[in-house]
Amino acid sequence: MRNKARLFTNFGIILLVIGSSFLAGTIYRSTNTPSFSIKEVFEFPQPQQAILEAHRSVLTYALPPRDLSIELKTNATVDLYLLDDEGRKLWLSEGTLKPVWSVKNTSSQTFTLQLPSRGNYGIKAFNPNNSTVTLDLRGQLYGYERDLLWFSLATTAMGLVITAASRIALLDRYKKLDIPARKTKRGLLHKDLPANFKDFKVKPNEVKHTKQFHELIAWELEEYMAFPILEIIIVIAVCTVLSPTIIETSPALSYSNLLSGIQTIFLFLIFVAGALFCHSYAGSISKGETKMLLSYPVQRGHLFLSKFIVLFTVLFAVYAGVFALQIYLLALNPFEPLFYASLLFVALQLLLVCAISTALSVITKNEILSILVSALLLFGLENVAARISLVSFTGRFTTGFAFVSQQVHGVLPPGAEFSAAPTAGDALLSLFVSIGISVFLFVFSYVYYTRKMEID
Amino acid sequence: MKRSSRFFVAIFLLGFSLLIVTGMRTNSAPHIMSFGNEEGGATAGWVMYPDFLMFPRDFRVDIRANNTVDVYILDEVAARQWNASGTLDAAWTYKDIKQGVFNEHAYSRGAYAILAYLPANATTAIKITLTFFSVEKDLLVASLAIIATDSIAMGISLLIGQKNKNIQKPK
């Protein structure tokens, strides 16, 4: 019964995480307000030359279920129709008009409507006048994508309900059997430490550094990659890396799609890496774990390095593994240099995030404070700095990517916002800025942790 | 949580994430591609349009011309063969077409090209529109396969564990 309740709790937590991730994604997507515009001149009667855009043509857009504002400017009255996918097919095949929204005899006006579902929508305009009409139509999407919003709220609510119900059932059972509730936080009791530490013996004449280091690494893996941390990292990596828009359909330039959505990838990576490192360093200090570990003959340097190596390696391995799927999904050549360049740049930016979070954690020694400060600092830089600025992660990645693309393929990638190719100086600067700051902060943190930091 | 259970949960979540991504990619992958000679392309004879990436989805081919044409959709190998030796081995063939709409399904991911034959003794205007819809089938199959295999494996390991527990329990 206890196991079932725990299973339900874990299931509820997973649902909660998925729902929250979707909610965050939905809120983030709502900040993007894409627009489209149509400018047409309707002549009446229609010209006689063969036109391939037959009178049944419909301008089609793939639209999500958001609010749509249509601003119409004409010099006379027109009829305007919005067709969903079914309506479009009906119009193209039979010429029957079945719009989801329509307005007749309208001139310059702004309309607001709600798109009912996600899909392809067609805009059709008719000129009922016996004269030439100039039409200027601008559509803009805003608001939340309702399907994503409902899904995320429903999943979050289900997760909350299941977690709460299973926790209540678990607590009730503990009360009935008079069993003390299991501590959710690892306390100061030495019995919470893993078994391998009980076997650890100090040999007076020979300290086995390597074995100690390996044991520390194993412990860090078990402690800080416990369920559901690794699972959350996998879900976030898959959802952010594999979902960005395909911006280039030419197979020769398919590598440019590696640039698409990179800012979203970095934003989530910053959040995950920052939280994980702060939890590991500052969290273990504030909970007293570090003090307890150091009461054993464990070297501070080994403890510091084991945390850094484990967390960085796992994060990079997960992201690199998911990135590798892009070779298949984008039909890339397995030896495409830009794929490996992308991996290198992602590794460097990840290293920088890890170094910054580590430095903040060892200085503040407070988990919540270090997470907040690193998130504000890194998110702020990422959002305020321009996409091609060397201050932001996206800017450094884009600069390096564009430079390598220019050198290898002779063209700038379509997704990069450069008017001219970045120079070798810019590319090297983007590379060495990341390496330089990372190394400096790493060395600073290491020296501070091993020689200066007081653990109370 | 036991290591084996954790492994199964991690694999399940990997499959589930891929399933979510498959759904999200219906909007992030291209929907419509158009080819033709509206902007000053060739109007007679054999014409090969720029190659493009296609994913294993359902798509609709809309061919409109003011003359009878032949249209072929070639995969990467067939396109190379055509360029090298003129041998035609199309994945999809539409012969003697003036206007038509066809629903097809792409089975593999990769580069494709459109080849058209426009009548040699006339000036032909042609437009070929490919409209893509539905999910990428390979991703869908992969994610469902991972989830199914993992669920079966997890079920079997739970059953084996339960059986061993029953055997060890003293009667």
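Derivation of every value follows stated rules applied to the coordinates shown; laboratory data play no part. The shown structure was predicted, so the numbers you read here are calculated from the model rather than taken from an experiment. Note that we place each Cβ from the backbone using ideal geometry, even for glycine, and neighbour counts take in every protein chain shown.
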Q. Given 5 Å bins starting at zero, what is the percent of C-alpha pairs of chain B in each, up to the one with the largest pair distance?
A. 1, 8, 13, 14, 13, 10, 7, 6, 6, 5, 4, 4, 3, 2, 1, 1, 0, 0, 0
Q. In terms of the ratio Rg/(2.2 N^0.38 Å) built on C-alpha atoms, what value belongs to region A:265-315?
A. 1.26
**Q.** For the protein assembly as shown, projected area of the alpha-carbon convex hull averaged over all directions, nm²
**A.** 38.1
Q) Which entries in A:Lys98/B:Lys98; A:Lys4/B:Lys163; A:Lys89/B:Lys127 show an alpha-carbon gap greater than 25 Å? A) A:Lys98/B:Lys98
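Can you sort A:Ser69, A:Ser370 so the residue with the fewest Cβ neighbours within 10 Å comes first? Display every interim value, and only then the final one.
Numbers: A:Ser69 16, A:Ser370 28.
Fewest-to-most ranking of A:Ser69, A:Ser370: A:Ser69, A:Ser370.
Quote the convex hull volume per residue of region A:59-120, based on C-alpha atoms, as a whole number of Å³.
On the way: hull volume 5.2 nm³, N = 62.
Hull volume over Cα atoms, normalised by residue count, gives 84 Å³.
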**Q.** Dipole magnitude (debye, nearest 20) for the protein assembly as shown, charges at Cβ of Lys, Arg, Asp, Glu
**A.** 3480
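Going by how many other beta carbons lie within 10 Å of each one, how would you line up A:Phe266, B:Phe102, B:Phe132, fewest first?
Details: A:Phe266 23, B:Phe102 13, B:Phe132 19.
With the fewest neighbours first, A:Phe266, B:Phe102, B:Phe132 line up as B:Phe102, B:Phe132, A:Phe266.
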Q) Using the beta-carbon distance between B:Ile152 and B:Ala91 and R0 = 51 Å, what value does 1/(1 + (r/R0)^6) give for FRET efficiency, to the nearest 0.05? A) 0.90
Q: Just name one of B:Val69, B:Leu88, B:Phe35: the one whose Cα is farthest towards the positive end of the charge dipole of region B:20-89 (beta-carbon charges, Lys/Arg +1, Asp/Glu -1).
A: B:Phe35
Q) Which helices count as membrane-span-like in chain B under these terms: full DSSP H, at least 20 Å along the axis by C-alpha, Kyte-Doolittle mean of 0.0 or more? A) B:3-28, B:137-168
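About the Cα centre of chain B, how large is the charge dipole given +1 on each Lys and Arg Cβ and -1 on each Asp and Glu Cβ? Please answer in debye to the nearest 20.
On the way: 17 positive and 14 negative charges, 329 e Å.
Dipole magnitude for chain B comes out near 1580 debye.
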Q. Hey, how many Å between the Cα centroid of region A:430-450 and the Cα centroid of region A:94-138?
A. 58
Q. When the gyration tensor of region A:190-452 is built from Cα positions, what are the square roots of 5 times its three eigenvalues, in whole Å, from largest to smallest?
A. 38, 19, 16
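Can you sort A:Leu325, A:Leu315 by how many other beta carbons sit within 10 Å, fewest first?
Details: A:Leu325 16, A:Leu315 23.
Lowest to highest Cβ neighbour count: A:Leu325, A:Leu315.
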Q) When you take every Cα atom in region A:269-413, what is the radius of gyration, and what is Dmax, the widest Cα pair distance, in Å? A) 18.0, 59
